[in-house]
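Novice: I'd like to ask some things about the structure below.
The values are calculated or read from the model by the stated rules, or taken from the named source; none is laboratory data. Small disclaimer: the values here were computed from a predicted structure and weren't measured. Every residue, glycine among them, receives a Cβ derived from its backbone with ideal geometry; neighbour counts consider all protein chains shown. SASA here: full protein model, heavy atoms, side chains in, ligands and nucleic acids out. Shrake-Rupley method; radii C 1.70, N 1.55, O 1.52, S 1.80 Å.
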Amino acid sequence: MDMIIRHLPQDHLARTLRADVRAGLGSRPRTLPPKWFYDKLGSELFDRITELPEYYPSRAEREALQEHAVHIAAAVPASTLIELGSGSSRKTPLLLQALLDTGHLERYVAVDVSDTALAGARDGLAAIFPDLEQHALLADFETQLHLLPRQGHRLVAFLGGTIGNFEPHQRAAFLAGVRALLGRAGGSLLLGTDLVKAPSVLVPAYDDSAGVTAEFNRNVLRVLNNSLDADFDVDAFEHVALWNAEQEWIEMRLRAQRRMFVRLPGAGMHLRLDEGEELRTEISAKFRPQAVAAELAAAGFTVAGQWTDPQERFALTLGQV
Ligand code: AVJ
């Protein structure tokens, strides 16, 4: 069995972090891209989030896969499954089993920015599928799609609703990038999207009563402290989750509870924050099924199917080239 973690352009992630922090914290509203949540602790906190009673998306997507993985597999003769933002790959076995059952699947490629998540996922999958050829790619799917493998009939899976972390213009660029990657050889994209629903369900999913999401949110400041030698007083920030009804996305923010001066030597900058000033750390867009299909079509995909969990909370949409 092949089990490789390729650390591609060695310092790519470090340079991207520095550039992201300079651009995001240096402009208004101040933002940080959500990909930097996922160091070892952040990945563990996210896994705990997926088990919270309020955080329904992971369970809803799992139910959708349980019911429909066979339908997806029947529509795609994939020999290579590439999963973007694979994290702990907890739901992947459902898809892998269905694809293996069709007799076409030869390999699985996990792509994530978290090396600890990749290593854990690889070991977990090897225990279930000892004969599966696995590859793990430590890479940023937003900027490094060109590193993905080119052999075989490729099914790119982008699950979990992670596409909701992109702003609309980033989303269009990303979908066009996947479309370009599949090129003339063709292939498919399976996209998981959380669906618009009542704010009374959405907001608690991002502001749980146990405070795990608050810790996850604040952890991004720890990542900056560790990677950029910054001196954020992590506990001086309050977790905020709100529903932006106009944009139809959840926003997570960190609100400074006092005035502060923060040094970020690794990014060559400092920051003055007023009391109450906020950093936007994540958007998590929620979708309408028709709009997902339209965005895939606009990026050059033919929509071959769309499935949801029984309660219609979460959608899986299959685009083909
Ligand atoms: C992993 C990006 C899908 O947006 O729901 C969970 C991350 N943030 N709780 C999401 C997250 C706060 C999650 N994704």
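Novice: Tell me the relative contact order for segment 203-249 as a rounded percent, counting alpha carbon contacts under 8 Å between residues six or more apart.
Specialist: The normalised contact order for segment 203-249 reaches 39 percent.
Novice: Taking the Cβ of Ile163 as the centre, find all other residues whose Cβ is under 10 Å away and add up their charges (Lys, Arg: +1; Asp, Glu: -1).
Specialist: On the way: positive: Arg171; negative: Asp194, Glu295.
Once positives and negatives cancel, what remains is -1.
Novice: May I ask for the net charge around Ser27, where only other residues with Cβ less than 14 Å from the Cβ of Ser27 are counted and Lys, Arg are +1 while Asp, Glu are -1?
Specialist: Working: positive: Arg22, Arg28, Arg30, Arg280; negative: Asp20, Glu167, Glu277, Glu278.
So the surrounding residues net to 0.
Novice: Accessible area per residue for segment 36-93 in Å², computed with a 1.4 Å probe and the full protein assembly in place, what is it? If you can, show how the numbers build up before the last one.
Specialist: Working: 2220 Å² over 58 residues.
Per residue, segment 36-93 has 38 Å² of solvent-accessible surface.
Novice: Indicate the gyration tensor shape class of segment 106-163 (rounded, prolate or oblate), computed on the Cα atoms with a ≥ b ≥ c the square roots of the eigenvalues: a/c under 1.5 is rounded; otherwise a/b larger than b/c is prolate and the rest oblate.
Specialist: Values: a/c = 1.72, a/b = 1.22, b/c = 1.40.
Oblate is the answer for segment 106-163, as a/c is 1.5 or above yet b/c matches or exceeds a/b.
Novice: Under the Karplus relation 6.51 cos²θ - 1.76 cosθ + 1.60, θ = phi - 60°, what is the ordered set of whole-Hz ³J(HN,Hα) values for segment 170-185, x standing for Gly and Pro?
Specialist: In residue order, the calculated couplings are 5, 5, 4, 5, 5, 4, 5, x, 5, 4, 5, 4, 6, x, 7, 5 Hz.
Novice: What accessible surface, in Å², does a 1.4 Å probe find on Trp243, ignoring ligands, DNA and RNA and rounding to the nearest 10?
Specialist: 50
Novice: Less than 26 Å apart at the alpha-carbon level, and either on another chain or at least 8 residues along: which lysines does that give for Lys197?
Specialist: Lys35, Lys91, Lys286
Novice: Under the 0.36 nm per residue contour assumption, what length would be gained going from the current alpha-carbon distance of His104 and His270 to full extension?
Specialist: Values: separation 166, 0.36 × 166 = 59.76 nm, distance 5.31 nm.
In short, 54.5 nm is gained.
Novice: Rolling a 1.4 Å sphere over the protein heavy atoms, what is the accessible area per residue of segment 94-181, to the nearest Å²? Don't skip to the end; give the middle numbers.
Specialist: Details: 3340 Å² over 88 residues.
Spelled out: the 1.4 Å probe surface of segment 94-181, per residue, equals 38 Å².
Novice: Moving on to the next point. How far apart, in nanometres, would the label points at Ala172 and Ala126 be if each is projected 7 angstrom from Cα along the Cα-to-Cβ direction?
Specialist: For the pair Ala172/Ala126, the computed spacing is 4.4 nm.
Novice: Using the Cα centre as the reference, give the magnitude of the dipole from point charges on the C-beta atoms of segment 101-141 (Lys, Arg: +1; Asp, Glu: -1; all else neutral), rounded to the nearest 20 debye. Working shown, then result.
Specialist: On the way: 2 positive and 8 negative charges, 6 e Å.
About 20 debye.
Novice: Compute, for Glu312, the solvent-accessible surface of its heavy atoms (probe 1.4 Å) with the complete set of protein chains present, and express it in square angstrom to the nearest 10.
Specialist: Around 130 Å² of this residue is reachable by solvent.
Novice: Taking the chain as a Gaussian network, where each spring joins two C-alpha atoms under 10 Å apart, which residue of Arg107, Arg253, Arg184 fluctuates the most?
Specialist: Highest fluctuation among the options: Arg184.
Novice: Could you order Phe261, Phe166 by accessible surface area, starting with the largest, using a probe radius of 1.4 Å? Walk me through the numbers before you get to the answer.
Specialist: Values: Phe261 80, Phe166 15 Å².
If we order Phe261, Phe166 from most to least accessible, we get Phe261, Phe166.
Novice: With a 1.4 Å probe and every protein chain left in place, tell me how much accessible area Val70 has, in Å² to the nearest 10.
Specialist: Spelled out: Val70, probe radius 1.4 Å, area about 90 Å².
Novice: Using only the heavy atoms of the protein chains and a 1.4 Å probe, how would Glu277, Glu44 rank by accessible area, largest first?
Specialist: On the way: Glu277 30, Glu44 85 Å².
Output order, biggest surface exposure first: Glu44, Glu277.
Novice: Shifting gears a bit: Tally up the carbon and sulfur contribution to the accessible surface of segment 227-299 as a whole percent, 1.4 Å probe, everything protein left in place. Before the final figure, lay out the partial values.
Specialist: On the way: 1450 of 3490 Å².
C and S atoms contribute 42 percent here.
Novice: All other residues with a Cβ under 15 Å from the Cβ of Gly187 taken together, and with Lys, Arg as +1 and Asp, Glu as -1, what is their net charge? All intermediate terms of the calculation are to be shown ahead of the outcome.
Specialist: On the way: positive: Arg107, Arg150, Arg154, Arg179, Arg184; negative: Glu83, Glu106.
Once positives and negatives cancel, what remains is +3.
Novice: Mind checking the full-extension length gain between Arg48 and Gln151? Use 0.36 nm per residue of separation minus the Cα-Cα distance, one decimal, nm.
Specialist: 33.6 nm
Novice: Have a look at Arg179, Arg30, Arg59 and tell me which one the Gaussian network model of the chain (Cα, springs below 10 Å) gives the largest fluctuation.
Specialist: Checking each option, the largest mean-square fluctuation is seen for Arg30.
Novice: What is the Cα centroid distance between segment 127-201 and segment 286-321, reported in whole angstrom?
Specialist: Here the answer is 13 Å between Cα centres.
Novice: Rolling a 1.4 angstrom probe over the protein heavy atoms, how many square angstrom per residue are accessible across segment 260-309? Numbers along the way, then the final one.
Specialist: Working: 2240 Å² over 50 residues.
Ligands and nucleic acids excluded, the figure is 45 Å² per residue.
Novice: Could you go through segment 204-209 in sequence order and give the Karplus-derived ³J(HN,Hα) for each residue, using 6.51 cos²θ - 1.76 cosθ + 1.60 with θ = phi - 60°, rounded to whole Hz, and x for Gly and Pro?
Specialist: Each residue's phi maps through the Karplus curve to give x, 4, 10, 8, 6, 6 Hz.
Novice: Per 5 Å bin, what is the whole-percent P(r) computed from every C-alpha pair distance within segment 186-250?
Specialist: All Cα pairs considered, the percentages come to 4, 14, 18, 16, 14, 13, 11, 7, 2, 1.
Novice: Moving to a separate point now. Highest mean first, what order results for 129-141, 186-198 on Cβ atoms within 10 Å? Can you show the working numbers first?
Specialist: Working: 129-141: 18.5, 186-198: 21.2.
Result, highest mean Cβ count within 10 Å first: 186-198, 129-141.
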